[in-house]
Amino acid sequence: MTKSQPLTRHIISINDLSNKEIETVFDAAQDFLQELSDRDVPYRIGCGSDLASKFILASLFYEPSTRTRLSFESAMLRLGGANITSADPAVSSAAKGESLADTIRVIGNYADIVVIRHPRDGAARLAADYAQVPVINGGDGSHEHPTQTLCDLFTLRSKKKSLKNMKVAIAGDLKGSRTIHSFVYALARFGATIDPLPAPGMELPAHVVGRLREEFHCRMISKAPRPGTGSIDALYVTADQPHQLSLYAEPEIDYGLALQKKTDAVYVTRFQKERWSEKERPYPKIDAKFLGEPKYAEASVMHPLPRVNELDAALDSDRRAIYFRQAAYGVPVRMALISLLLHLHKNKSLHKFAGGFAKSDLPLYAQPIGIGIQCGNANCITGDPAERQYAANKFYLMKEPSGQRCKLRCLYCETDIEADAAAHFVVGDLVRKTFSPGLDALARTPDERLKHLVVYKDEADAKAAGLHERESAKRARTG
Amino acid sequence: MTKSQPLTRHIISINDLSNKEIETVFDAAQDFLQELSDRDVPYRIGCGSDLASKFILASLFYEPSTRTRLSFESAMLRLGGANITSADPAVSSAAKGESLADTIRVIGNYADIVVIRHPRDGAARLAADYAQVPVINGGDGSHEHPTQTLCDLFTLRSKKKSLKNMKVAIAGDLKGSRTIHSFVYALARFGATIDPLPAPGMELPAHVVGRLREEFHCRMISKAPRPGTGSIDALYVTADQPHQLSLYAEPEIDYGLALQKKTDAVYVTRFQKERWSEKERPYPKIDAKFLGEPKYAEASVMHPLPRVNELDAALDSDRRAIYFRQAAYGVPVRMALISLLLHLHKNKSLHKFAGGFAKSDLPLYAQPIGIGIQCGNANCITGDPAERQYAANKFYLMKEPSGQRCKLRCLYCETDIEADAAAHFVVGDLVRKTFSPGLDALARTPDERLKHLVVYKDEADAKAAGLHERESAKRARTG
Amino acid sequence: MTKSQPLTRHIISINDLSNKEIETVFDAAQDFLQELSDRDVPYRIGCGSDLASKFILASLFYEPSTRTRLSFESAMLRLGGANITSADPAVSSAAKGESLADTIRVIGNYADIVVIRHPRDGAARLAADYAQVPVINGGDGSHEHPTQTLCDLFTLRSKKKSLKNMKVAIAGDLKGSRTIHSFVYALARFGATIDPLPAPGMELPAHVVGRLREEFHCRMISKAPRPGTGSIDALYVTADQPHQLSLYAEPEIDYGLALQKKTDAVYVTRFQKERWSEKERPYPKIDAKFLGEPKYAEASVMHPLPRVNELDAALDSDRRAIYFRQAAYGVPVRMALISLLLHLHKNKSLHKFAGGFAKSDLPLYAQPIGIGIQCGNANCITGDPAERQYAANKFYLMKEPSGQRCKLRCLYCETDIEADAAAHFVVGDLVRKTFSPGLDALARTPDERLKHLVVYKDEADAKAAGLHERESAKRARTG
């Protein structure tokens, strides 16, 4: 590597890109879209930049895919590059029990950039930790699918003028859909109002709602409140304060207006049957009847595809349907992202969060898996036996809005563990063999001591690990 | 698309190409074969036209394949193009329940041309209906496999001088082999005499025989007639009248000569065990003993491969064996077809049936699936639940040779439904809630009324749909 | 093909390359490694020779693989070539029962070079017998994995100066690991001392040890002898005599020194669970504790990967760990091998054993499968029903060191069949219907008679085949 080598960037979450960077991706995508459309002979694809000639993209897919994998590979070919593909875990080394951490370190020698899809939440982040080349998350469990969101936003941008003041209804499985999770973060960051229409029992996960409120400054506004329910599906989510760097500068948001205005887009997702044990469930069906409501008169209909039954095929000829355009834009948008991550543009680049949306710089707690508190998400990559040696219990220490209590956020899958009445965190000191309640001990301890400090879910866990309560803490408690 | 954009052509059936067009494909293939053979250094493949540079072929294979897929991909690479591949339905969106219609609309944005293989008859035609780029049928159920037939004919042409006056024996599974179906249409169109040697119970399907007789003007001539059987395997199939545009113009056929002359080629197919429930069946075995008969002394031995046990490996060194050449010609023939469909040749092109073999321009009846008569072929793509929303009950109205009765031919799988004593078609009028016998109502009704007319298999079905017999029809019947 | 066409070379065993040729491969690999490292822009892979432009590599993988397949494909792309891939036997023609012999003859028309992986020992040799283009063995059953060995040796060469006088410990499954088998042959040929550390019951196979001793002139030297055991794991294997053409010329080996000196490398392999019926077994674990022994203080730690639990992840940051480098060198080494086999270098080439390590020119016995003696290795490709028509009972006639008795070595899987007290070979004469003991009859019979002579495992088998003992033999025996 030469001295001028820029940082290797990974796109694991949509939040790994600032608003400004997303704008840069869209500018490049617009150029590529133009190239792809300028065909000088029939069928001739004019895109001849050969920008990525001699570069190799590796597709590592541990879950079924047509759209995502083939659009990445098509994008790489349209850039003049080439592909190597592992599309089926059953015929790869994963069948021999190889860890993701080992696989990615090896593949990083065979390719210049990697796109990965994996059934575990947080798998792509773990892969990035071990990769020497850029890693793009092509979907990890129920966590995120950032490049789908880039396609979605790019399509909305081409249809509407601004995401600001926009109202987007999201329907279906809001819990298990990684597409939805990346999408709502982006909508919130660009100041859109979100109208959740979940299938029963498939509401947005609490940690996603928490992030919308706490990090992306969304306000939850009651719709017609339903008696006896405080569930999030009865709320609108609207940007609560102007973002300094939203994509398209707009005056202040009028919340009343946001609630009254008509819906600009209805975004439907399929029932993710591979993530639910039941085969059938009540599920919203978007069809001409649904869209007959006046508020949807001008609503674009979006779907990340594949659809099963939740989106009526009769809508395909409806002028509001833009879901095939969403799919088509997968190529120029992914061409843009790949070429930017490979630093192939002369006058465009991804600046690491310069002046843009800033990822919170939270203190990180880390211990080997098997010691202390564990991510509570059973599908987290840290729960995969093959990865035990390579992942760790890594948590961000999050301040509650009250400032009184902390919670922990898993570095990989980004789900939160909150202390509650039944489970107070305690911090154990492996040297002194003592523990004390709360997470304060982590904050007040000099860095070099941190490795002796272990967080336990509660006192019982700490005692089971052979620690006893610190005298001062006991006195304070019983005092 | 520019104004000069030619039509997007799909090759679903060998009958989608006129004889003249097949000749054009062979001319281009001959040039490519020459290029591939002119190696200036050891192993150097001299084919450097880069004709398809910047073009992408998508291989969508829903059934196992080595030969067809890899020869298409090799052909695309030899043309300077690139490939994206979905080789296993279990690791694609099909595993999530996606319809073919949706998949092809998406893939059409990622690639410039698509080859598809599918277990359902008629699947490729459905795909073509929804594709914005050319679709090539790489084999659909038991229906057709037109590019295999192009390879077969090209190999025969290179070995013999003319298909006219040629006698070709076809042995094995004539019922389930899509390869055979495409092949016999082509043989008939080029004036060859066909000698069917089916395994017991695996005779040519009635609808294929019907087309040979009615559309391709074949005469069925009795071989030594077997007592108590009128099955087609006791017949020769010979061209009954000169074709205006056969590949190699020849004087009139002498039928007597055709029957007496020796066999020019024996074409064997494997037992398609994936299409039969039994594992084992009596099956012809082509070996030295079989070919020892004097009439096979100069017969080329052909096989589309893969073979299992029906073709003795000891024949591999027999001078009559040309089956590996058949496989080898897959590359130049497919190079020719791809480059012609992409309009990459300056002085060669596929003219849409100009002056050539003319596909019959039959009236088409269409109703949504679930209403009225259904294709009787259980393996037709119209019977696939995932495609219900996207396919339709589409039938050509065919005149019987007598001119008295009609039959229906499924647009997708091309099997026929014939009325018989037990099942008289009736046409229902959804506005008047009446039905009348026969299909005449369709013909005599102005076009704008057609959508109210539904064909039912018989009276019982029409009554079950809540219709009652038209008074005039009842009077006519009861007289 | 032109007159100047060189021989088509196949790399099935590491012993298909002379020491001099291995050196040539490494010289080319070193050049490619330099090219790959000279990146003039960030991430830019400078390797732009386009040496293999217009060439196609076919990957035929009948067993899971990530590393081998993707590194071959990456190597081909870095050379400017292209790939066609069959990565999953379940979606290929193998699912239809196609033989390897047929498949390779077809694929040889689609690609210019083929890499094959197969679960059967000897499969790659059978493939090569039928291929018209070079075949590289990407791993065949428990037999060999020669390109892995090239990567291993290249890595060792880059780390140490010479393989001569080197001591390499090999740990784990020495029985089922094809990687180990190719590796020990190469180590022996380059004069290294081998220290086997097998898991219990996973010792080097007898036929491998036999070849080390008889062909590669290794001496087995007792380590601290364990009472009551003469198993090979208690031995060192050292080169017994100077090789005329070892890679790095060195003075005579001092055996005492070889035994005393410290270990230069520890090579670990994983438990090949797919080749053993038990799920768990006692297995060596290489970790900091193991490597804490003084003799391993400077030992490089090697592993062909994937690893499961036999190699502690904590070693990844140990300076002695070179296993990821082994994987990374897969690309330049395979670039070298591919380009040399395709004759793409102006001033480098693989000379067919010219002056180098000479493969023994042993007489070959051949009979169709089903007649006479059969390879005793149940996993040999000759035992695969699909290949019965294409393989044969082919055995080299090997002289025992004593010169008294012969043994047979299977041409495909290279396992030996030795006569013992319970089973004396006999040779039957199918014309005279007699048999006589021993293999002498083969040697003293003129060539044109050989096809009438059949080897049987013992008298009982010969009698079961309807032969009777030759009178002279009977007299000699009872005499």
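Every number here is computed from the coordinates shown, using simple stated rules; none is lab data. All of these numbers come straight from a predicted model, not from anything done at the bench. Every residue, glycine among them, receives a Cβ derived from its backbone with ideal geometry; neighbour counts consider all protein chains shown.
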Quiz prompt | Above-threshold pairs, the threshold being 32 Å between Cα atoms, out of B:LYS175/B:LYS295; C:LYS399/C:LYS451; A:LYS175/A:LYS407; B:LYS289/C:LYS399; B:LYS20/B:LYS399 | solution = B:LYS289/C:LYS399
Quiz item: Which pairs in the list C:LYS159/C:LYS262; A:LYS54/C:LYS54; A:LYS433/A:LYS474; A:LYS161/A:LYS261; A:LYS54/C:LYS160; A:LYS261/A:LYS285 are over 26 Å apart, alpha-carbon to alpha-carbon?
Solution: A:LYS54/C:LYS160
Quiz item: Say a label goes 7 Å from Cα toward Cβ at B:PRO294 in every copy; what distances in nm does this one have to the rest, shortest first?
Solution: 9.3, 9.3
Quiz prompt | Cβ-based charge dipole, region B:364-478, positive-most Cα from B:ASN379, B:ALA460, B:SER436 | solution = B:SER436
Quiz item: Using modelled amide H (1.01 Å from N, peptide plane; none on Pro or chain starts), what sits under 5 Å from the amide H of B:LYS160, excluding residues fewer than 5 places away?
Solution: none
Practice problem: Using θ = phi - 60° and the Karplus relation 6.51 cos²θ - 1.76 cosθ + 1.60, list the HN-Hα couplings for region A:299-304 in order, rounded to whole Hz, with x at every Gly or Pro. | Solution: 7, 5, 9, 10, 7, x
Exercise. Quick one: with label points 7 Å out along Cα→Cβ, list the inter-copy distances for B:GLY376 in nm, shortest first?
Key: 6.3, 6.4
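Round to the nearest 0.05 the FRET efficiency obtained for C:SER158 and B:LEU362 when R0 = 56 Å and r is the Cβ-Cβ distance.
Working: r = 72 Å, r/R0 = 1.28.
After rounding, the FRET efficiency stands at 0.20.
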Quiz item: Name the chain B residue with the Cβ nearest the axis that maps B onto A: which is it, and what is the distance in angstrom?
Solution: B:ASP88, 4
Practice problem: For region B:199-204, take each phi angle, set θ = phi - 60°, evaluate the Karplus expression 6.51 cos²θ - 1.76 cosθ + 1.60, and give the result in whole Hz per residue in order, putting x for glycine and proline. | Solution: 5, x, x, 10, 5, 4
Self-check item: Simple spin-label estimate for B:ALA314 and A:ALA443 in nanometres, 7 Å along Cα-Cβ
Solution: 8.9 nm
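Given a Förster distance of 41 angstrom, what is the FRET efficiency for C:ASP287 paired with C:GLU215, based on the Cβ-Cβ distance and rounded to 0.05?
Values: r = 36 Å, r/R0 = 0.87.
After rounding to 0.05, the efficiency reads 0.70.
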Self-check item: HN-Hα J in Hz across region C:128-138 - Karplus 6.51, -1.76, 1.60, θ = phi - 60°, x for Gly and Pro
Solution: 4, 4, 9, 8, 9, 10, x, 10, 10, 7, x
Exercise. If a/c stays under 1.5 just call it rounded; otherwise compare a/b with b/c (prolate if a/b is bigger, oblate if not). Do that for region A:364-478, with a ≥ b ≥ c from the square roots of the Cα gyration tensor eigenvalues.
Key: prolate
Practice problem: Could you pull out every residue, at least 5 positions away or on a different chain, whose amide H is within less than 5 Å of the one on C:CYS218? Hs are placed 1.01 Å off N in the peptide plane, and Pro or chain starts have none. | Solution: C:ARG213, C:ASP240
Quiz item: In nm, what does the list of distances from A:ARG475 to its counterparts in the other copies look like, shortest first, when each label sits 7 Å along Cα to Cβ?
Solution: 11.4, 11.4
Quiz item: Once label points are set 7 Å from the Cα along Cα→Cβ at both A:LYS346 and C:LYS346, what is their separation, rounded to one decimal in nm?
Solution: 3.2 nm
Quiz prompt | Centroid-to-centroid separation of region C:113-166 and region A:313-351 [C-alpha atoms, Å] | solution = 43 Å
Quiz prompt | Per residue Cα convex hull volume in Å³ - calculated over region C:73-168 | solution = 132 Å³
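Taking a ≥ b ≥ c as the square roots of the Cα gyration tensor eigenvalues, with a/c under 1.5 meaning rounded and otherwise prolate when a/b beats b/c, else oblate, which class fits region A:122-214? Walk me through the numbers on the way to the answer.
Values: a/c = 2.08, a/b = 1.32, b/c = 1.57.
It comes out oblate by the Cα gyration axes.
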Exercise. Name the residues whose placed amide hydrogens come within less than 5 Å of the amide hydrogen of A:TYR267, ignoring near sequence neighbours (fewer than 5 apart) on the same chain.
Key: A:ALA169, A:ILE170, A:ALA171, A:MET302
